[in-house]
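Encoded as structure tokens, the structure appears first; notes follow it.
Bear in mind that the values in this text are calculations on the coordinates, not laboratory data. This one's a predicted model, so the numbers in the text were calculated from it and none came from an experiment. Note: ideal-geometry Cβ built from the backbone for every residue, glycine included; neighbour counts use all protein chains shown.
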Ligand SMILES: O=C(O)CCC(=O)C(=O)O
């Protein structure tokens, strides 16, 4: 029964570019993830940012990245068998590396996140790379991530959008602008979103186009996204302002190099 369900979910991820996974974390593991975020909020890294609307002091959108080396709860989570084996089953990848963690906390009237896909923000490429975006609070369908079905199969790179105002970053050869008409032509169906309980997750391909609406509820929306690399992953310079900026942190590489495990640990 469970095997069949996982097989269906894996097919869904392959076909649609995303899949909703119920109760990935519960009990002590959910508490561990909540502790990790609290610890991050108390001691943000120099890369942390708040993309809140400056005219609205109530609204904020806190981000921070790549804190697993100093926040041990994050490392315990990304190596935990319940997450690793789920991703192994869903991606059917023979290898899995950890890329980075991303804490996202949206409170008050925290702003929406523009349509984008993650690949152009990352200096890694690969057909199966995924993020597991875990809700650490219950999130209503109208405040959760929304996905364009099948958009991971569009063979294009879209210019990253600035999270603070939704505008496209600089222009760069090889990257297209994801404006309304492009979105209309690529959306084969209505965007898909999910009602999430704390501990539910959505696993999505780094190439899947997604966005999130503003948090106009009176509840803080807390998520921890763990980003992984799968079979076929390589380093790439086809990136705009890499996030996290591993190149500016000292990672030297040539196009197509294999994944350096001293930067991105292998988890199986
Ligand atoms: O949480 C959000 O609002 C956006 C998150 C996102 O785009 C991502 O995790 O890739």
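What to note about this one:
- Most mobile of 153, 43, 106 in a GNM of the chain (Cα contacts under 10 Å): 43
- Overall form of the range 35-113 per C-alpha gyration tensor (a/c, 1.5; a/b vs b/c): prolate
- Separation of alpha-carbon centers, the range 197-226 and the range 1-67, rounded to whole Å: 6 Å
- Exposure proxy order (Cβ contacts within 10 Å, fewest to most) of 1, 249, 9: 1, 249, 9
- Cα-based shape type of the range 2-235, given that a ≥ b ≥ c are square roots of the gyration tensor eigenvalues and the cut on a/c is 1.5: rounded
- MRE, 222 nm, helices only [DSSP H, n ≥ 4, -39500 (n - 2.57), over the chain, to nearest 500]: -6500 deg cm²/dmol
- For the options 223, 242, 135, a Gaussian network treatment of the chain with springs between C-alpha atoms closer than 10 Å singles out 242 as fluctuating the most.
- Prolate/oblate/rounded label for the range 131-268 (Cα gyration tensor, a/c 1.5): oblate
- Most fluctuating residue given options 23, 109, 184, as computed from a GNM of the chain linking Cα atoms under 10 Å: 184
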